Each structure stands twice: as structure tokens, then as C-alpha cells.
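The values are calculated or read from the model by the stated rules, or taken from the named source; none is laboratory data. Just so we're clear, the structure is a prediction, and the values are computed from it rather than from any experiment. We place every Cβ from the backbone using ideal geometry, glycine too, and count neighbours over all the protein chains shown. These accessible areas exclude ligands, DNA and RNA; they are computed on the full protein's heavy atoms, side chains included. Shrake-Rupley method; radii C 1.70, N 1.55, O 1.52, S 1.80 Å.
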Amino acid sequence: MSGGAAQGNFADIAELYQDGPDPSGRIPAGLVLIYDWGCAIWSLVDFRDPAGAMWCNHEGECWPQGVNLAEWLTGTLAGTLTVEALLESRPTS
């Protein structure tokens, strides 16, 4: 959010994406980092999907969280969506 405290080496999402998608290829094009949970755990929104599917990225792995942006915002604001829940959504295979 513009004007908020920076949580990384960028000031806002626009600055993060000014050079295009992740050059390492670990984050697919169309997924946009929107929240840093700490410990290299990120929530991303999928702009390729009109429903705004949410993804998690941790330790170089990226997987769908099983919720859309509206559900993610509701859970995050209510305190029911936690880092533990994100990591539990990680596929086992």
C-alpha cells in the first residue's frame, strides 16, 4: 500500500513489478505478491483468474491456497487465516 511501511526491498507492488514477472521463474507470471507473512512466506493473488484465486509461496514452492481474494481478506481480517493454515494447505506430493 502506498504510504505504508515498506516490508521488503520495495515500496509498493507497482515498484516490485516494474521489471516484469519473477526472473527466477519460481513465481508464475500473473501471480502478484500481496502479503509478506514473514519467514519467506508470501500470499499471492492470481490475476489470471477472475475469481482472484490465492496462492502461497514458501521456500521456492508455490501452490493454490484453496480460497479466493474475498475469502482471504475476510479470513485475514477476522484472524482465522493463519500462517499455520497456509502451510497446511501445501500439497503433500
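At-a-glance table
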| quantity | calculated |
| --- | --- |
| Selection count, region 51-75, where residues are assigned to a strand (DSSP E or B), open to solvent by less than 60 Å² (accessible area, probe 1.4 Å) and either of a type in the set (K, R) or within 21 Å of T92 (Cβ to Cβ) (or both) | 10 |
| Residue tally, condition in contact with a helix residue (DSSP H, G or I) (Cβ under 8 Å, 6 or more places away or on another chain) and either more than 14 Å from R90 (Cβ to Cβ) or outside any strand (DSSP E or B) (or both), over region 25-50 | 7 |
| Residue that is modelled with the lowest pLDDT [pool: residues in region 6-54 that are of a type in the set (S, T, Y) and either in contact with a strand residue (DSSP E or B) (Cβ under 6 Å, 6 or more places away or on another chain) or closer than 19 Å to E71 by Cβ (or both)] | Y35 |
